[in-house]
Each structure stands twice: as C-alpha cells, then as structure tokens.
C-alpha cells in the first residue's frame, strides 16, 4: 500500500509539473509571455530562465509565421499585428501600460533560449536583452515583427543555433543578407572629412533579393537609410573615441521616409555585389588605430503589396557588418 501511495504521489507530481510547462513542440519556434505579469524584464533576465513560469499558450508560434529573416531578425507573419498587439495601428504606435516592458521567452526546439521584452523608447531604462521596440511595431509593415539586438554584450543571442535549427525544421528559415566592410580610408581629413569605404553584400537567401543601391539613389540618400562606417578607439580606459558621419542626419528623402523601387538592384540567390562609396561629414580623425563597423539597412515600411516585384523580393530591415581594423596616419 505504501509503495502504491508513493507511486500515486509521484504520478500526481509529474502531472502537475507537465501542466505547468507550456505546450511546446520540440521542433517549433515560439514566443511566450510569463505567467506572472508582475515580473519585470530586468527581474526576468537576472534569474535562471528555466525557473520562469510561462503561459500555457504561446503568444507567437510557428503556425503564425510565414518566414523568419535570420539576417535582420524580422518575423514575417501570416496575419497582421493586430492579433498580437493591443490597439495596433500602422504608423505611430505606443504600447498600452499592460504591454510596456512586458517580458517574453523565446523557445526553440523545446529549449528556452533567451528572455526578451516589449520596450518603449520613451523609457529611460535600457532594455535588459533583445527587445521589440514600440517604434518598430508601428514603422515596420503590418505583417512584420522585428526583434532588436540587446544593447549590452557582444554576443547576439538572437542567432542561437537552437533557433536556427528549429526554423530550418519548420521550413521558416531565410538566411537573408550578409554585409562585409572590406576597406576604409580617409580622402580628406578636415573638420568635414571625406572617407571612402568598400562593402560586399552577399545574398545567402533562397530568394532573389532587391537591395538599396548607392549608385542608383546617390550617396546622400543612401546614407539616410544606411549608416556609414563608425570608428571606435577604446585604447584609453574611460576615454573612448567614437567618430561617425553626420551626413545622413541632414538628407532625408522627400516626402519623409518615402522610397522608390528604382533605388534597388537585384542580387540573385547565392550571388554578391561590391560597392565603393564616398561619404563626407566626419569630424577631424586623429592619427591612431580604430575599429570600424557599419549598419546596412533598407526602408522598413515596404508592405506586402509592394514587396515582390517580378523576379525578386525587396529586402527590408537592417544588419550589422563585421569589424575592420583601421589605421589613420
């Protein structure tokens, strides 16, 4: 009798434990909110991810997703975002108090990978990890969610292999683009320095992709969407040097945030192109050793109706480049 009673207690414990776990497919990609709505994103990020109680039903699951662009970490949905965000409206959007700073857990292949959060740009507190910004919710198309990289740390947890494996298994994975900063040199070092840099853009995606082409749209307009290289010198503790061009801040398109299909060039799947680009507007760059990197972006607001033209898809989002060691002398 004692043995039977013990077995019954163990069985009941296992049943309770299994009911407390989310209904996760071992091959799927899912995003869960926490069962306890009082836990903040910073509190959730500081405890063992396995100790967090999740809601029974996923907020976003593989069945909601058309595909996931692994280069930009844009999630292309089967339906618009009104199913996921309260009071969603395209354009300017603000989270309701219930959603602001709400933590979520990304689960891939049955493994809890990282804690993220919905984050408001109106808050002074930096996000604790990867996040969905309310400005992105409004500015990206109605069928696209974007998960931004964490502010802290060099490792990009969004690219965890468990996530890639689950997306591949579910046939949701799109590799997207890769950008490489190949060279950087100063042409005219003054109070408004001009630099020249070379980039290589590779299409690793299964789709042929249209990307912004600086030779078609002009350097000024190109740099409104895509930052030129940033220079970093962190050799002096407590006194880092950060240099970048101000040019992109003063050359918005007309009308603001508009785009034209004529600005794009097609890169077929598996191919790549290279561009040498000049950019003015840097401050005087002292002699020294720097680390350079840059962001490559496309207009975020290209909706589904305009995203496919002829033989390819217009790529949207933003990606970072490699780092490049640069010597100025």
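Taking Rh as the Kirkwood radius, which is the inverse of the mean 1/r over Cα pairs, what is the Rg/Rh value for the range 193-329? Walk me through the intermediate numbers first.
Numbers: Rg = 16.4 Å, Rh = 16.2 Å.
When Rh is taken as the Kirkwood radius, the ratio is 1.01.
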- request: Taking every Cα atom in the range 21-169, find the radius of gyration and the maximum pairwise distance Dmax, and write them in Å.
  value: 14.2, 39
- prompt: Could you give the nm distance between label points at residue 53 and residue 168, where each point is 7 Å from its Cα heading toward the beta carbon?
  reply: 3.7 nm
message: Using the basic label-point model (7 angstrom from Cα toward the beta carbon), what is the residue 36 to residue 313 distance in nanometres?
response: 4.0 nm
message: I want to check the label-to-label distance for residue 269 and residue 123. Put each point 7 Å from Cα in the C-beta direction and report it in nm to one decimal.
response: 4.0 nm
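Give the relative contact order (percent, whole number) for the chain; include only Cα pairs under 8 Å separated by 6+ residues. Each step should come with its number before you reach the end.
On the way: 702 pairs, mean separation 52.3, N = 329.
In percent, rounded to a whole number, it is 16.
Explain nothing, just the number: relative contact order of the range 82-126, from Cα pairs under 8 Å at least 6 residues apart, as a whole percent. Before the final figure, lay out the partial values.
Working: 40 pairs, mean separation 12.8, N = 45.
Over the range 82-126, the number comes to 28 percent.
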- request: Tell me which label goes with the value of Rg and Dmax of the Cα atoms in Å computed from the coordinates here: (1) 22.8, 89; (2) 20.9, 71; (3) 21.8, 84.
  value: (1)
message: What FRET efficiency comes out for residue 187 versus residue 142 if R0 is 56 angstrom and r is the Cβ-Cβ distance? Round to the nearest 0.05.
response: 0.85
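At a 10 angstrom cut-off on C-beta neighbours, averaged per residue, how do the peptides 164-173, 112-121 rank from highest to lowest? Don't skip to the answer; put the middle values down first.
On the way: 164-173: 17.7, 112-121: 20.4.
Order by mean packing, descending: 112-121, 164-173.
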- line: Relative to the chain, whose Cα atoms define the longest principal axis, helix 2-20 and its Cα axis are tilted in degrees, nearest 10, by 30 degrees
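For residue 94 and residue 293, what does the FRET efficiency come to when R0 = 41 Å and r is the distance between their Cβ atoms, rounded to the nearest 0.05? Don't skip to the end; give the middle numbers.
Working: r = 31 Å, r/R0 = 0.77.
After rounding, the FRET efficiency stands at 0.85.
Going highest first, how would you order 315-324, 89-98 by mean Cβ packing within 10 Å?
On the way: 315-324: 19.6, 89-98: 12.9.
Ranked from most to least packed, the peptides come out as 315-324, 89-98.
Please give the length that would be gained between residue 230 and residue 242 if that part of the chain were fully extended, namely 0.36 nm times their separation in residues minus their C-alpha to C-alpha distance (nm, one decimal).
Numbers: separation 12, 0.36 × 12 = 4.32 nm, distance 0.72 nm.
Taking residue 230 through residue 242 to full extension adds about 3.6 nm, to one decimal.
Values in this text are rule-based calculations from the coordinates and carry no lab data. For clarity, every value in this text was computed on a predicted model and none was experimentally measured. Positions of Cβ are generated from backbone atoms using ideal geometry, with glycine treated the same way; all protein chains shown enter the neighbour counts.
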